[in-house]
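To start, the structure itself, in C-alpha cells.
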Amino acid sequence: MTHAMERGASWTAAEGRGAFGGFVGPRNLVDLVRSSAPWLFDGTHPSSARVPAPGPGRLVELGAHPLGWWTILLGSERLAAAERPDPAQITDYFALACAAHFASVATYVPTDVDAKIRRALWIDQRDPDELARMHAFALDLGSWDVSGVSARIVEVEGLGPVSGHDGERLSVLAGGLIGAWHAGVAQARSEFEAAIDAELERQARAFLALEAQPGRELELLRLSAVLTHNQGDVVQSLGTREAGCVPPAVRARFCGLARERHERYRGAFWRAARLYQALLAAEGHRHYPLREIRLLRGSPALLLPIGPCLDDWGATLARHAPWSAAERAEVAAGLLEGCRRVAGQQGYYRALAGFDAAHPGGIAVLETHFGSAARRVWRDGATRTQLAVRRVSFESSLSKRARQVLAAS
C-alpha cells in the first residue's frame, strides 16, 4: 500500500491544458485531488492501510470494492493523456473522473468534472462494448464508501448513509440514462431508470423517517440540505439539451421534485426544499472563503460538516494539535472573513463560537496575529452579538422553527 502511494505521489509529468481530448489531462486531474486532499496520497489518512493496491488491468476494472475510487486514483498513472482518445481510453477516463470527483466533492476544492461524468463522456462513447463497461461501472457506484472523504453524511437507521455524494451518483446515473437513450440500448435505459428511482425512494424514506421522530430536527435539517442538493444534481443532468433524447415523461418523473407535483415520493423532496429555503438557504453557498484557507486541507479531521450547527467543528479547529498559534489565528481570521463576505449565513459564526469556547483564553488571545480586516470583524458589534448566542439556544430555536415550517407545509 505504501509503495503504491509513493508511486502515485511521484507521478509529476507535465500535461498541457485540455490534454485528454480537450478535457483536463489524467495527471492534472489527480494533482487537483492531491492539492485538495493530500492525505489520500501521503499515507496519513486513518484508512490508508485498508486501500487495496492497484492490481493489473484497466482503471475501469479497479473500482469494484468500497474504496475503489481510491484504488483508481492510486493506479491512475496507467492512463496517459491522448489528444484523440480511443473508446477504451474514454471509458478509463470516465472511471478516473468519477473517482476524482467522489474523492474531492466534499473537500474544500472539488474537481470540476461534473459535466463530463453527467453528460459529455456518455455522449462521446460510441463503442457498444465500452459503453456497457461504463454502464456497469456507474451502476456499481453505490458500493463505494466515501465516509473517509466527507463530514457531510446523515446516517438513517435501516437506510444507511445519505449524503451529497448520493446526488453526484444520481447525476452519473442520469448521465447513463442519457447515454443509453442516445445509443438506443433498451436494457440499460431500464436499468438506469430503475436505479434512479430506487435511490430517490431511499432518500425520501430517510427524510420521512426522521420527520416522524421528534427530537431529530437538526438531523432532519441536514438531510433537507442533502435532498435539495441531490434533486438539483438530477435536474442538472436531465434538464440539459443533451437530455433531449430522453422522453419527456421520463425526465418529468425525476425532475422538479422540489417545485411541482408534490405527491411524487410522498412529498419528501418538496418538504425538504421548504425547510431548506426557510432556514438553510444562506448556508448553501460554495464556501469560497474556506477554499482560501489552505491549512484546512491538511487533515480529513478538518472536513466541513453540514451547517449551520458548526460549534463542534469550530472546537476541532481550536484544538487541532499540529497548528501553531499563528496558524490557528489564520484559520479564525479566515472564518471572520467568511462572515463578512457571505451575508445571512450563521454557520461561520457558530464555528467561531465553538472555536472561542474551546480555545484556551478564547479567540481574543489570537487577536495579535490578526490583520486589520479580521480585527475589524472580530470587534464588530454584530459579531459579538452572534457569538454571545448560546449553542443550546441556537439549536433549540432552529429545531422549533423547523417544526413550524413542516406544520405549515
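Throughout, read-outs are computed from the coordinates displayed, never taken from laboratory work. All figures in this text were calculated on a predicted structure; none of them were measured in a lab. Using ideal geometry, Cβ is built from the backbone for each residue, glycine included, and neighbour counts are taken over all protein chains shown.
How high is the FRET efficiency from Ala49 to Ser397, r the C-beta distance, R0 41 Å, rounded to 0.05? For R0 = 41 Å, the calculated efficiency reads 0.40. Put the Cα centre of segment 251-322 next to the Cα centre of segment 178-248 and the gap is 17 Å. Taking the longest Cα principal axis of the chain as reference, the axis of helix 128-139 is set at about 30 degrees. Once both labels are positioned 7 Å from their Cα atoms along Cα-to-Cβ, the gap between Ala249 and Arg286 label points is 3.8 nm. Segment Arg390..Gln187, full-extension length gain: 67.5 nm, with 0.36 nm per residue of separation and the alpha-carbon distance subtracted. With the helix formula -39500 (n - 2.57) applied to DSSP H stretches of n ≥ 4, the chain reaches a computed 222 nm mean residue ellipticity of -16500 deg cm²/dmol. Size descriptor for the chain, Kirkwood hydrodynamic radius: 22.5 Å (Cα pairs only, one decimal). Report, in degrees rounded to the nearest 10, the 0 to 90 angle that the Cα long axis of helix 325-341 makes with the longest principal axis of the chain. Tilt of helix 325-341: around 80 degrees. The packing ranking, built from the mean of other Cβ atoms within 10 Å per residue, places the peptides 208-216, 319-327, 109-117 in the order 109-117, 208-216, 319-327, highest first.
Ranking of Glu157, Glu337 by neighbouring Cβ atoms within 10 Å, starting from the fewest: Glu157, Glu337. Taking θ as phi - 60° and the Karplus parameters 6.51, -1.76 and 1.60, the scalar couplings of segment 93-103 work out to 5, 4, 4, 5, 5, 4, 4, 5, 5, 5, 5 Hz in sequence order, x denoting glycine and proline. Computed across segment 308-408, the Kirkwood radius stands at 14.0 Å (inverse of mean 1/r, all Cα pairs). Against the longest alpha carbon principal axis of the chain, how many degrees, from 0 to 90 and to the nearest 10, is the axis of helix 186-211 turned? Approximately 20 degrees, to the nearest ten.
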